[in-house]
Amino acid sequence: MKSSEIRQKFLDYFASHGHTIVPSSPLVPGNDPTLLFTNAGMVQFKDAFLGRDNRAYVRATSSQRCVRAGGKHNDLENVGYTARHHTFFEMLGNFSFGDYFKRNAIQYAWEFLTKELNIPAEKLWVTVYVEDDEAADIWLNEIGVPADRLARIAGSDNFWQMGDTGPCGPCTEIFYDHGPDVAGGPPGTADADGDRYIEIWNLVFMQYNRDESGTLNPLPKPSVDTGMGLERISAVMQHVHSNYDIDLFQDLIKAAARETGAKDLANNSLKVIADHIRACSFLITDGVIPGNEGRGYVLRRIIRRAIRHGYKLGQKQPFFHLLVEDLAKAMGVAYPELVEAKERVISVLKQEEERFAETLEHGMGVLETAMKSEDKMLDGETVFKLYDTFGFPLDLTADVARERGITVDFAGFQNAMQMQRERARAASKFTMKGGVEFDGQATEFFGYDTLHVDGHILAIYKEG
Ligand code: ATP
Ligand code: MG
Ligand code: MG
Ligand code: MG
């Protein structure tokens, strides 16, 4: 079954059970300035859960585009290292706003997996929050999951909260066993972190409201919020272990091989590039542009990481933007906004590629030389130089170093940055009156032609 078919089957199933199909919201959340990116299906429904927003429906379903590359949820460092994490992914979800609760939520999930998708029940494992007897009872006595495939978990993985106060409650998670060929133990055991038992679906039961004193007060109308990764369930349905082996990713990996000249389709860099073209294209579609702070800097970092992987494969010319066509072919039917924004996405990426190409090769030379020393730690001065002079974001340098088993001296990096700032401040005492422009706004004058502070590029202007 193709991923596009699974997406549709999910929405149709929940629509047939009274859920309104709600389109994905953009990656830049409109209702929450504190959130970097939309990172779950529930984000666009936040106010509905809080009872602040009255909607025409009490049940909804969606396939939400998500990015987890910054803020509380950051999977950027997992990409290329696990079989199941992406920076961009689609989250299938069903939601109840004060309507059905645990029993129906669990029944729907189980029926969808075992009847609609025909997944053998014995391949599925579940976890519940350690204190949630109600959910455990439904799984064991109503669904009939054997006790040895249910784990009670005490940690925060199985207790969800929106913030320090507000709605919260226990979760139950469903895992799929990819079989003994893959390393990793079942949920709840010490080696559960592997890729054998993969979490596919998380059901959150919003049951309490935590007040200022930390007390959990029962909500009069508890709600349900669920999320299932489309790429993970596609891997299950396509009998492959890694998300990168599903239809959608294979098309992108082939395109990345074509544009970089890579011969081996299993090369890890191709997976990273395939992941990153999705994140970058959708972020640009949704209005983010590469820049030196906030969302724009996250985007710039992801683009530069992708370019560096192309470089590693031997491609020194701009190639990344050429994958946008392939992505539009793979995902344009589900996301027409991507097709509409295509030309803009291509030109933004191309410009960013050309810009980084000016310093990448030289910077890589500096980095290679530094990594040749016997040290297992890269000195902060070099990391700062790469950042400041060659436009290497800290995480990019750390990623290259990680591939060689070398760590980065973060404290030394911060020190070097601090010294630069102090030099700048001292220099400003001797310069003429003037100012600098930062994002078009005049600020303090530092006395440099161009100065990078915290990733912001400051440019001097003269007064008068
Ligand atoms: P994990 O423990 O594997 O990191 P999670 O518990 O952080 O996942 P949730 O926040 O519960 O994930 O999100 C709901 C579902 O979304 C998960 O069960 C999974 O199927 C999917 N998902 C979460 N993060 C990613 C990701 N980075 N890439 C792809 N799918 C993801
Ligand atoms: Mg996670
Ligand atoms: Mg988890
Ligand atoms: Mg989870």
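The values are calculated or read from the model by the stated rules, or taken from the named source; none is laboratory data. Please read all numbers here as calculations on a predicted model, not as lab measurements. Positions of Cβ are generated from backbone atoms using ideal geometry, with glycine treated the same way; all protein chains shown enter the neighbour counts.
Figures for the structure shown
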| item | result |
| --- | --- |
| Which numbered condition ALA427 misses (of (1) farther than 30 Å from THR285 by Cα; (2) touching a His at 6+ places or on another chain (Cβ under 9 Å)) | (2) |
| Test: VAL28 is in contact (Cβ under 8 Å) with a residue 12 or more places away in the chain, part of a helix (DSSP H, G or I) and under 19 Å from the mean Cα position of the chain (by Cα) | no |
| Neighbours by Cβ (under 6 Å, 6+ apart or cross-chain): first from segment 256-268, in contact (Cβ under 8 Å) with a residue 24 or more places away in the chain; second outside any helix (DSSP H, G or I) | GLU259/PHE319; THR260/LEU313; THR260/GLN315; THR260/PHE319; ALA262/LEU313; ASN268/GLY80 |
| Only one of VAL339, VAL298, VAL272, VAL324 that is in a helix (DSSP H, G or I), surrounded by fewer than 22 Cβ atoms within 10 Å (Cβ to Cβ) and modelled with pLDDT of 95 or more | VAL339 |
| Segment 161-180: number of residues that are modelled with pLDDT of 95 or more, in a strand (DSSP E or B) and not charged (D, E, K, R) | 7 |
| Qualifying position, being more than 16 Å from ligand 4 (Cβ to nearest atom), of a type in the set (A, V, I, L, M, F, W, C), over 22 Å from ASN118 (Cβ atoms) and part of a helix (DSSP H, G or I), among ALA190, ALA256, ALA235, ALA183 | ALA256 |
| Number of the condition not met by PRO146 [criteria: (1) within 16 Å of ligand 3 (Cβ to nearest atom); (2) out of contact with any Ser or Thr (no Cβ under 9 Å at 6 or more places or on another chain); (3) under 19 Å from TYR108 (Cα atoms)] | (1) |
| Failed item in (1) more than 16 Å from ligand 1 (Cβ to nearest atom); (2) part of a helix (DSSP H, G or I); (3) of a type outside the set (Asp, Glu); (4) without any contact (Cβ under 8 Å) to a residue 24 or more places away in the chain, with GLN107 passing the rest | (4) |
| Those residues of segment 39-86 which are within 16 Å of ligand 2 (Cβ to nearest atom), outside any loop (DSSP other than H, G, I, E, B) and closer than 19 Å to PHE282 by Cβ, in sequence order | GLY41, MET42, VAL43, GLN64, CYS66, VAL67, ALA69, GLY70, HIS73, ASN74, LEU76, ASN78 |
| Inter-residue pairs, beta-carbon under 8 Å, first within 17 Å of GLU231 (Cα to Cα) and at pLDDT 95 or above and in segment 193-217, second aromatic (Phe, Trp, Tyr) and within 16 Å of ligand 1 (Cβ to nearest atom), 6+ apart | TYR197/TRP125; TYR197/PHE175; TYR197/TYR176; ILE198/PHE175; ILE198/TYR176; GLU199/PHE175; ILE200/PHE175; ILE200/TYR176 |
| Residue among GLY179, GLY184, GLY214 that is within 13 Å of ligand 1 (Cβ to nearest atom) and farther than 20 Å from GLY41 by Cα | GLY184 |
| Tabulated pairs, segment 72-84, first touching a residue at least 60 places away in the same chain (Cβ under 8 Å), second of a type outside the set (Ser, Thr, Tyr) and within 10 Å of ligand 2 (Cβ to nearest atom), C-beta under 7 angstrom, 6+ apart or interchain | VAL79/HIS85 |
| Single residue of VAL128, VAL145 found to be more than 16 Å from ligand 2 (Cβ to nearest atom) and either in a strand (DSSP E or B) or of a type in the set (Ser, Thr, Tyr) (or both) | VAL128 |
| Yes/no for THR87 being among the hydroxyl-bearing types (Ser, Thr, Tyr) and in contact with a Leu (Cβ under 6 Å, 6 or more places away or on another chain) | yes |
| Candidate set from segment 163-184 (those that are of a type in the set (A, V, I, L, M) and surrounded by 15 or more Cβ atoms within 10 Å (Cβ to Cβ)); member that is farthest from ligand 2 (Cβ to nearest atom) | VAL182 |
| Single residue of segment 148-162 satisfying the filter (free of Cβ contacts under 8 Å to residues at least 40 places away in the same chain and within 13 Å of ligand 4 (Cβ to nearest atom)) that is surrounded by the most Cβ atoms within 10 Å (Cβ to Cβ) | ASN158 |
| Unmet requirement for ALA83, which otherwise passes all of (1) within 16 Å of ligand 3 (Cβ to nearest atom); (2) crowded, with 18+ Cβ neighbours inside 10 Å; (3) within 24 Å of PHE45 (Cα to Cα) | (3) |
